[in-house]
Amino acid sequence: MPTISVIGLGICQPPLLTTEAQVVLSQAQVVFGSPRQLASIAQLLPATCEQRQLPKLSQLKDQLASLPEVAILASGDPLLFGIGKYLHQQFPQQVTCYSGVSSLQGACALTGLSLQDAQLVSLHGRPLSSLRRHLQANRTLLILTDQHSQPQHLAQQLAEVNLNASRLHICERLGYPEQRYSEYGVAELLDSQETFDPFDPLHVTVIETRGIGGVIPNFPGIPDNQFITNSETLTGDGKGLLTKREVRLAILSLLQAGPNQVGWDIGAGCGGVAVEWALWNPQGEVYAIEHHPQRMTCLQANRDKFGVVQNLYPLQQSAPSGLADLPRPDKVFVGGSSGALTDIMHTAWQALNPGGRLVASAVTEQSKADLLALSTHFQCQIAEMLQVSISRADKLAGQDLLRPNLPITLICWDKPHGE
C-alpha cells in the first residue's frame with residue numbers, strides 16, 4: 001500500500017514550505033501536481049524524481065495503488081476544501097498532509113477579516129445555486145470560486161434574494177507580486193454600462209451580505225408562501241401539496257436528523273419537509289420520493305430556490321417499488337402513500353438502519369388505525385405519538401376568527417440496535 005505525502009504549497013511564490021515538507025520533496029520518487037505547481041518546486045526535487053500531471057480523482061486512486069511512495073502537490077491547505085479529505089477517505093492511515101497558507105487565510109489577511117467571524121463556502125466545482133442556502137442578511141461569507149462563480153454571478157444571486165446593499169471584496173492572485181484587491185457593490189457589478197478588467201481565475205471573494213433579505217430563512221420554519229407550489233394552476237392529482245410550517249417543524253423535531261445520516265422523505269409533495277430537512281442538516285443526505293410529475297417540478301424548483309442542490313436528491317418514482325435502489329436510511333418520514341401505506345411502511349422499516357427512526361403522518365382515522373397496527377409487525381413499541389392541531393387567523397362576516405386545519409397525527413418508531 002502506498003505512503004502518500006500531500007504538500008500544500010500555500011499562496012506564496014516561491015512556495016513557503018516547512019522543513020518537513022522540503023525533506024519529503026528532496027527524497028520524492030514520484031510527484032503529482034499541475035504544471036504550474038511542479039515548476040514552482042522543481043529545484044527541490046532530486047534528479048531521479050518522476051513528475052506526473054495530476055489526473056482526475058477517479059483515475060488517481062488506481063495510479064496511487066501501484067506506487068510504494070508518492071508526493072502530491074496541492075494548493076494552500078489540502079484539508080480545507082482540498083484533496084486531503086478525499087485521500088484520507090481512500091487511503092486511511094497512509095496519508096500525511098503538510099499544510100500551507102490557504103487563499104482563504106490570505107484573503108483574511110488582505111481584508112482584515114478574522115477567519116472565525118466568516119462562514120466558509122466553496123463554489124469551486126459546485127453549482128452556483130448552492131450559494132443560496134447561505135444568503136441571509138448580515139453574514140460574512142468567505143468564498144472559493146471558479147469560472148461559474150465570478151463576482152458578477154455572485155452579485156446576481158444577491159440581487160435575487162433582496163440583498164442589494166451587499167459589498168463584495170475581490171482578492172486576486174493572492175501571494176503573487178501582482179496581487180490585487182477591489183471592492184464593489186451589487187449594482188456596480190450588475191450595471192451593464194460598467195467595464196471591468198477581467199477578474200483573474202485565481203481569486204477569492206468576501207461578501208458582506210446586506211439588505212432586506214427574507215428569501216432564505218435565518219431559522220427553521222420557512223413561511224409556507226415562500227415555497228413554490230403552483231397550487232393556483234394545478235388541479236387533480238397534481239395539485240400542489242405542502243406540509244404546513246407548524247407540522248413541518250414537529251416532523252423535523254421528531255426526526256432529529258444528524259450529520260452524515262441518510263434520510264428518506266416518501267410522498268414528498270412539493271418538498272416542504274425535504275427542503276427544510278436538507279437546509280438545516282447540510283452534512284446529511286435527503287432522498288425525496290414523489291411520483292406526481294407536477295409536484296416533482298415544484299419540488300425541484302424549491303430545491304434550487306433554497307440552494308439545497310448538493311444534499312437533496314428528488315426522485316420521481318412510486319413507493320415502495322422505487323425504494324429498492326436507495327442507500328439504507330437512518331431516518332424516514334412517510335407523508336404520502338397513494339393507498340400503499342402498509343407496504344411502504346413495511347419496506348421502510350426493513351431498510352431502516354438499526355438505531356434509526358421511522359416517522360409517519362396520518363389524517364384519516366383509517367390511516368391512523370393502519371399505522372397503530374404496525375407496532376405488532378415491527379415488534380417494538382411506539383416511541384412517540386402526538387397530534388398537531390393548527391388554527392390560523394381568518395375572517396367571517398368581517399369578524400376575526402381562528403379557522404382550524406385538519407389535525408395531523410404523527411407516530412414514530414425507533415428500530416432496535418440489534419436488528
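The values are calculated or read from the model by the stated rules, or taken from the named source; none is laboratory data. Here the structure is a predicted model, which means the values were calculated and not measured. Cβ placement follows ideal geometry from the backbone for every residue including glycine, while neighbour counts extend to all protein chains displayed.
What the table shows:
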read-out	value
Any chance GLN317 is at negative phi, of a type outside the set (A, V, I, L, M, F, W, C) and in contact (Cβ under 8 Å) with a residue 24 or more places away in the chain	yes
Pairs with Cβ under 6 Å, 6+ apart, first in region 403-417 and more than 18 Å from ARG245 (Cβ to Cβ) and in contact (Cβ under 8 Å) with a residue 60 or more places away in the chain, second small (Gly, Ala, Ser) and not in a strand (DSSP E or B)	CYS412/ALA383; TRP413/ALA383; LYS415/GLY356; HIS417/GLY355
Residue list for region 1-50, filter: of a type in the set (A, V, I, L, M), without any contact (Cβ under 8 Å) to a residue 60 or more places away in the chain, part of a helix (DSSP H, G or I) and over 26 Å from PRO177 (Cα atoms)	VAL23
Tally, over region 5-23, of residues that are within 16 Å of VAL95 (Cβ to Cβ), surrounded by 21 or more Cβ atoms within 10 Å (Cβ to Cβ) and out of contact with any helix residue (DSSP H, G or I) (no Cβ under 6 Å at 6 or more places or on another chain)	2
Some residue of region 279-290 being part of a strand (DSSP E or B), more than 24 Å from HIS134 (Cα to Cα) and not acidic (Asp, Glu)	yes
Region 305-335: number of residues that are assigned to a loop (DSSP other than H, G, I, E, B) and either under 29 Å from PRO407 (Cα atoms) or of a type in the set (D, E, K, R) (or both)	11
Index of the failed condition, LEU163 passing every other in (1) outside any loop (DSSP other than H, G, I, E, B); (2) aliphatic (A, V, I, L, M); (3) surrounded by 15 or more Cβ atoms within 10 Å (Cβ to Cβ)	(1)
Candidate set from region 192-215 (those that are at pLDDT 85 or above, among the β-branched types (Val, Ile, Thr) and assigned to a loop (DSSP other than H, G, I, E, B)); member that is surrounded by the fewest Cβ atoms within 10 Å (Cβ to Cβ)	ILE212
Verdict on ILE344 being free of Cβ contacts under 8 Å to residues at least 60 places away in the same chain, surrounded by 15 or more Cβ atoms within 10 Å (Cβ to Cβ) and outside any loop (DSSP other than H, G, I, E, B)	no
Matching residues, region 100-133, being touching a residue at least 24 places away in the same chain (Cβ under 8 Å), farther than 25 Å from GLN310 by Cβ, outside any helix (DSSP H, G or I) and not hydrophobic (A, V, I, L, M, F, W, C)	GLY100
Positions within region 58-114 being of a type in the set (Phe, Trp, Tyr) and closer than 18 Å to ARG126 by Cβ, in sequence order	PHE81, TYR86
Leading residue by the ranking (farthest from LYS244 (Cα to Cα)) among those in region 354-402 that are among the polar types (S, T, N, Q) and assigned to a loop (DSSP other than H, G, I, E, B)	GLN379
Positions within region 289-304 being farther than 13 Å from ASN230 by Cβ and among the charged types (D, E, K, R), in sequence order	GLU290, ARG303, ASP304
Residue within region 64-74 that is loosely packed, with under 13 Cβ neighbours inside 10 Å, over 34 Å from the mean Cα position of the chain (by Cα) and either farther than 13 Å from PRO2 by Cβ or of a type in the set (A, V, I, L, M) (or both) present	no
Any hit, region 169-181, residues being hydrophobic (A, V, I, L, M, F, W, C) and modelled with pLDDT of 95 or more	yes
